Every structure is written in C-alpha cells, then in structure tokens.
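Participant: Please see the structure below; I have some questions.
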Amino acid sequence: MNDSGIRINPSILAADFVNMQAELARIATADFAHVDVMDNHFVPNLTFGPQMVERIQQTSPVPLDVHLMITDPDRWAPGYAELGAASVTFHLEAAADPRALARRLRDIGARAGIAVKPATPIDGLLDLLDDVDQILVMTVEPGFGGQSFMPETMPKLRALADEAKRRGSHVWLQVDGGIGESTIALAADAGADTFVAGSAVFGAADPDLAIAGLRAAAAQHAHDHGAK
C-alpha cells in the first residue's frame, strides 16, 4: 500500500464482470478494490451477493473495500467481514443500531465504515466518529455507476473533516461517485483521503497510470486532515 495518505479504491462496478480475475489484476497498484453490494431494495439495482464477494476476495491482488447498499445491514454486514473483507461499509439510513454494528465488524477484524446518501445530514455521524474507521460521503445517488459528481456534497465532507481534526480522529473520509482527475481535487480539498473511482480507472487504457494520476491529483490538493 502506498504511504502518501491518499487511497485510491477502483470500483469493480465499472469492470468487465465476465473477466473479473483479469480486471482485478489490472488494479494491483490500487489500495483496495471497491465492491458495491446492492439488493434492489435499498437502492434500485442488483449486483453481487456473498458468494461472488467471496470469490473476488480469493482472486483480488488488493484488499476488499465492501460497500453495502442494502436493507438490514445489522443482519447481513457481519457475514462480509467474516469472508475476509478488509473494510465493510454500511449505510446510516439502513442500520437499526449503527454503533453496535460497527463494533461487531471491528470485533470480527474488518474496518468498520458508515455511508450517507447525498441528501442525508451528517448530524447522525458526529456521535459515531469514534466507533468507525471510515465515513463514506456519497457524491452521487447510490445505485448506479457513471453518474456525475455532486459538488453540493462538499460542505458535508468539509464539516466532517474539520470535526475529525478537532477531535484528533484518524477516521478515513471516503467519497464515491463521479470521481476523476478534476473532481478528485475538489474532494481532496474538502478533506477526503480515500477515493472510489470506477470508469476513470477501468475505462483507462492503462489503469496503473490512471491510479497514479488520481493519487497525485488528490495529494496536490489534500486537506491537512487528508494528508495524514
């Protein structure tokens, strides 16, 4: 893993599903592979379940960053940690007891992440800062790849970064949706240090070069919380 304090997590939603093992091999210089699990209930799309994630886990050259866009994560999220995912993120909007779930994920050995949709206020996250390892601020409506970045989500990210800095928290601040070399600068400036990019990586002729370019663009604009 790189030592810049900037993490680039390509989203396999933009990969060729038929050639997943080869596609994963193309992102060996990334920090994590971002795996979007959708249940066609919490979001209007259906992607992978535990069996597919387990197989990806077995073949990926980098650790898995699993993002659960599902109903009832209190029931289902621990199973993904048990499969060996390095990080498991669930949605604040879907969890019945987010603090207990985050602790359960940590107890199993995964990093615990919590995500919010673009319209969700961050008030409910502030009390959970010490209980999670990562906060994901969605920069598009969750459900589909290839959407445009929503700059109006940046004040939320900046407020989280400022609060994390005030508390001396080492929580990772992640953004997901519409991330490319221009938008990554905005997100890094607002305090993000962990970036999910789909087509910007998998759509590139040279994914390694794309990952390096994104990392450099983020590092150039890193907020002092992000540059840790």
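Participant: So how much slack lies between Ala96 and Arg166, counting 0.36 nm per residue of separation and subtracting their Cα-Cα distance, in nm?
Facilitator: 22.4 nm
Participant: Among Ala119, Val62, Val35, whose Cα projects farthest towards the positive end of the dipole of the chain, with charges put on the beta-carbon of Lys, Arg (+1) and Asp, Glu (-1)?
Facilitator: Positive-most Cα among the choices belongs to Val62.
Participant: Roughly what % of DSSP beta bridges within the chain run antiparallel, to the nearest 5?
Facilitator: On the way: 1 of 32 bridges.
Counting DSSP beta bridges with both partners in the chain, the antiparallel share is about 5 percent.
Participant: Taking the Cα centre of segment 7-220 as origin, sum charge times position over the Cβ atoms of Lys and Arg (+1) and Asp and Glu (-1), and report the length of that vector in debye to the nearest 20. Intermediate results must be reported in sequence, preceding the final value.
Facilitator: Values: 16 positive and 28 negative charges, 60 e Å.
About 280 debye.
Participant: Using square roots of five times the C-alpha gyration tensor eigenvalues, list the equivalent-ellipsoid semi-axes of segment 138-216 in whole Å, biggest first. Provide the component values of the computation, followed by the final result.
Facilitator: Numbers: eigenvalues 106, 43, 18 Å².
Here the semi-axes work out to 23, 15, 9 Å.
Participant: Sort the following peptides by mean Cβ neighbour count (other Cβ atoms within 10 Å, averaged over residues), highest first: 16-25, 115-124, 135-144.
Facilitator: Values: 16-25: 13.4, 115-124: 15.7, 135-144: 22.6.
Top to bottom by mean Cβ count within 10 Å: 135-144, 115-124, 16-25.
Participant: Separate question: Using the per-residue mean of other Cβ atoms lying within 10 Å as a proxy for protection, in what order, highest first, do the peptides 51-63, 210-222 fall? Mind dumping the intermediate values first?
Facilitator: Numbers: 51-63: 16.2, 210-222: 19.5.
Order by mean packing, descending: 210-222, 51-63.
Participant: Rounded to whole Å and ordered largest first, report the semi-axes of the equivalent ellipsoid of segment 1-89 derived from its Cα gyration tensor (root of 5λ). Can you show the working numbers first?
Facilitator: Working: eigenvalues 90, 44, 29 Å².
Equivalent ellipsoid of segment 1-89: 21, 15, 12 Å, largest first.
Participant: If you take the square roots of the eigenvalues of the alpha-carbon gyration tensor of segment 42-89 and sort them as a ≥ b ≥ c, do you get rounded (a/c under 1.5), prolate (a/b over b/c) or oblate?
Facilitator: Numbers: a/c = 2.00, a/b = 1.51, b/c = 1.33.
Judged from the Cα gyration tensor, segment 42-89 comes out prolate (a/c at least 1.5, a/b above b/c).
Taken together, the values in this text are just the output of simple stated rules run on the coordinates, not laboratory data. What you see is a predicted model, and the numbers here were worked out from it, not measured in a lab. Positions of Cβ are generated from backbone atoms using ideal geometry, with glycine treated the same way; all protein chains shown enter the neighbour counts.
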